[in-house]
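Structure first, commentary second.
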Amino acid sequence: MTDIAITTDGGAADSPALDPPALSRIATLDIVRGIAVMGILAMNIVAFAGPFQAYMNPLTHGMEGPADLASWVFSFIFVDGKMRGLFSFLFGASTLLVIERATASGQSPAKVHYMRMIWLLVFGLLHFYLIWWGDILALYAMAGFFLYFFRNLSVRALIGWGIGLVAVQFLMFAGLAALAQFTSVAIAAPNPDPDMVRQWEEMSRGFVPLAGQQLADHLALFQGPWSGLVEDRASRQALKPFTSLPFFGWETVGYMLFGMAALKSGFFRGEWPMARYRKMALIGFGIGIPVYGLLAWLLIRADFAPQAIFAFSFAATVPFRPLMILAIASLIIIVTRNGGFLVDRIAAAGRAAFTNYLGTSLLMTTIFYGYGLNLYMSLSRIEMWIPVLAAWTLMLLWSKPWLDRFRYGPFEWLWRSLSRMELQPMRKDPAAEA
């Protein structure tokens with residue numbers, strides 16, 4: 001059987017018949033992507049099960065006891081931003097693979113790349129408006145528009161550009177943190193400026209508990225019919241998918257460039273010596289865990305005040321997050337090096353990452369929203385791990401049997417067919433696979 005290279009859309013960059021044996025599947029990418037798509041749910045569950053405010057401030061919902069606080073600390077150190085960042089790294093690596101394979105097969109790499117990004121944007125917008133407000137696909141698509149211009153850069157240049165973009169993100173968040181601190185001090189003075197008060201209310205709105213009529217309206221929306229949620233996103237939040245790019249796009253593109261560099265350097269191909277992966281994991285965790293632990297303590301000590309969230313959660317994490325992402329990726333590669341039953345299942349979940357990502361949105365919104373089981377704002381943070389573990393089990397159960405029979409996951413197939421403007425073969429040919 002001839003293996004084929006797997007990309008972010010879950011399939012080969014080219015038709016299997018066009019892939020020479022030298023272009024083998026990069027199993028490491030599939031495995032790391034499988035962990036990433038599972039890990040993203042571990043953080044997104046907070047935003048499925050409760051209001052946006054709980055994502056940044058655990059005191060706003062779900063904090064009922066020490067176990068809930070411990071769950072938040074664990075997620076803050078090992079999950080929050082790291083799984084999203086890891087997925088961004090992988091997106092950059094897979095995008096580069098698609099461009100390289102299109103070039104090798106004589107196709108227009110620009111056409112292949114931009115058709116994929118355009119349709120990914122369509123998927124992201126449909127996901128946002130019709131299913132869940134926390135979509136990340138639209139941001140990835142818009143960030144992906146820029147990647148084509150970096151495709152031929154060296155590893156060193158890609159890393160340099162990535163560091164520069166992450167630095168811009170840090171300066172932006174540091175500026176917001178400084179503004180939040182200044183504003184909070186100004187409104188605490190006698191007879192504060194009304195404009196300052198309004199500015200502070202606007203800045204802190206996403207980090208303070210909902211109460212009174214605001215809480216009642218929020219519950220009515222999320223515990224109400226599907227049509228009400230769609231109407232709210234299409235009217236009050238119509239531009240939200242596009243405003244994320246100028247706010248988070250710097251770091252996102254930077255991570256994607258790091259991913260392209262990781263592919264070119266052999267990191268994501270599993271080609272580094274094990275000693276080098278171990279060194280990367282030790283450095284990343286050795287620096288990142290103590291720093292994140294300190295930041296978690298500072299946030300708890302400040303009772304998650306908005307100015308503390310801006311300083312310790314937004315700004316201070318930016319320089320250290322890439323180290324944690326690389327450490328986690330290195331650890332995954334080390335632990336899964338020898339394969340096995342569970343590793344094969346994780347790799348299959350990674351090959352169907354697009355379907356698993358969208359599938360979890362469909363599943364979780366049905367569990368928590370009013371048109372489904374209506375469990376919205378009913379679980380504590382530690383209890384939220386129950387639907388997470390259930391969803392992980394489903395991912396591991398369905399992905400491999402499906403991909404044993406079919407070339408792509410359902411949404412991977414649809415994305416690929418739309419991008420190429422023709423239906424792609426779905427079922428595997430047993431004779432060709434023999």
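The values are calculated or read from the model by the stated rules, or taken from the named source; none is laboratory data. Since this is a predicted model, take the numbers as computed values, not measurements. Reconstructed Cβ throughout: ideal geometry from the backbone, glycine too, with neighbour counts over all protein chains shown.
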query: Name the pairs: first residue in the range 95-116 and in contact (Cβ under 8 Å) with a residue 40 or more places away in the chain and on the phi < 0 side of the Ramachandran plot, second residue outside any helix (DSSP H, G or I) and of a type in the set (Lys, Arg), Cβ to Cβ under 9 Å, at least 6 apart or on different chains?
result: THR95/ARG151; LEU96/ARG151; ILE99/ARG151; GLU100/ARG151; PRO109/ARG151
message: Given (1) touching a Leu at 6+ places or on another chain (Cβ under 8 Å); (2) over 22 Å from LEU362 (Cβ atoms), identify the lone condition not met by GLU64.
response: (1)
task: Kindly establish whether GLY286 is assigned to a helix (DSSP H, G or I), out of contact with any Cys (no Cβ under 8 Å at 6 or more places or on another chain), modelled with pLDDT of 95 or more and surrounded by fewer than 13 Cβ atoms within 10 Å (Cβ to Cβ).
output: yes
- prompt: Which of the residues spanning the range 76-118 are among the small types (Gly, Ala, Ser), out of contact with any Ser or Thr (no Cβ under 9 Å at 6 or more places or on another chain) and surrounded by fewer than 23 Cβ atoms within 10 Å (Cβ to Cβ)?
  reply: ALA104, GLY106, SER108, ALA110
query: For the range 179-190, does any single residue satisfy the condition of being surrounded by fewer than 17 Cβ atoms within 10 Å (Cβ to Cβ), touching a residue at least 24 places away in the same chain (Cβ under 8 Å) and of a type in the set (Gly, Ala, Ser)?
result: no
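Taking into account only those residues within the range 380-398 that are within 16 Å of GLY39 (Cα to Cα) and small (Gly, Ala, Ser), which is surrounded by the fewest Cβ atoms within 10 Å (Cβ to Cβ)? Don't jump to the end; show me each part of the working.
Applying the first criterion (within 16 Å of GLY39 (Cα to Cα)) to the range 380-398 yields 381-382, 384-396.
If we keep only those that are small (Gly, Ala, Ser) as well, we get 390-391.
Values: ALA390: 12, ALA391: 20.
Checking each candidate, the answer is ALA390.
Within the range 229-238, can one find any residue that is closer than 30 Å to VAL185 by Cα, among the β-branched types (Val, Ile, Thr) and exposed (fewer than 15 other Cβ atoms within 10 Å of the Cβ)?
No; the residues of the range 229-238 include none that is closer than 30 Å to VAL185 by Cα, among the β-branched types (Val, Ile, Thr) and exposed (fewer than 15 other Cβ atoms within 10 Å of the Cβ).
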statement: PHE320 fails exactly one of (1) under 16 Å from MET280 (Cα atoms); (2) crowded, with 22+ Cβ neighbours inside 10 Å, namely (2)
message: Here is a check on your reading of the model: is ARG269 touching a helix residue (DSSP H, G or I) at 6+ places or on another chain (Cβ under 8 Å), basic (Lys, Arg) and surrounded by 13 or more Cβ atoms within 10 Å (Cβ to Cβ)?
response: yes
query: Of all residues in the range 17-37 being modelled with pLDDT of 90 or more and among the hydrophobic types (A, V, I, L, M, F, W, C), which is surrounded by the fewest Cβ atoms within 10 Å (Cβ to Cβ)?
result: ILE35
query: Mind checking which pairs have a first residue in the range 292-304 that is within 16 Å of MET63 (Cα to Cα) and a second that is of a type in the set (Ser, Thr, Tyr), Cβ under 7 Å, 6 or more apart or different chains?
result: LEU299/SER313
message: Conditions first: (1) over 17 Å from the mean Cα position of the chain (by Cα); (2) among the polar types (S, T, N, Q); (3) outside any loop (DSSP other than H, G, I, E, B). SER378 passes all but one, so which condition is the exception?
response: (3)
- request: Please give the number of the condition PRO192 fails out of (1) in a helix (DSSP H, G or I); (2) farther than 22 Å from PHE314 by Cα; (3) touching a helix residue (DSSP H, G or I) at 6+ places or on another chain (Cβ under 7 Å).
  value: (1)
- line: Checked ALA216, ALA174, ALA180, ALA188 against criteria (among the aliphatic types (A, V, I, L, M) and under 25 Å from the mean Cα position of the chain (by Cα)); the one match is ALA174
Residues of the range 382-434 that turn out to be of a type outside the set (A, V, I, L, M) and assigned to a loop (DSSP other than H, G, I, E, B), as a count: 9
- request: Would you point out the residue of the range 355-413, among those that are of a type in the set (Val, Ile, Thr) and in contact with a helix residue (DSSP H, G or I) (Cβ under 9 Å, 6 or more places away or on another chain), that is farthest from ARG116 (Cα to Cα)?
  value: ILE382
task: Give the residues of the range 54-82 that are part of a helix (DSSP H, G or I) and over 30 Å from GLY144 (Cβ atoms), sorted by residue number.
output: PRO58, LEU59, THR60, PRO66, ALA67, ASP68, LEU69, ALA70, SER71, TRP72, VAL73, PHE74
message: Going by what's in this entry, would PRO51 be described as assigned to a loop (DSSP other than H, G, I, E, B) and either touching a Pro at 6+ places or on another chain (Cβ under 8 Å) or at pLDDT below 95 (or both)?
response: no
Filter pass, ASP303 being assigned to a loop (DSSP other than H, G, I, E, B), over 30 Å from ARG101 (Cα atoms) and at pLDDT 95 or above: yes
- prompt: Of all residues in the range 83-97, which are under 15 Å from the mean Cα position of the chain (by Cα) and either closer than 20 Å to SER265 by Cβ or not in a helix (DSSP H, G or I) (or both)?
  reply: GLY85, LEU86, PHE87, SER88, PHE89, LEU90, PHE91, GLY92, ALA93, SER94
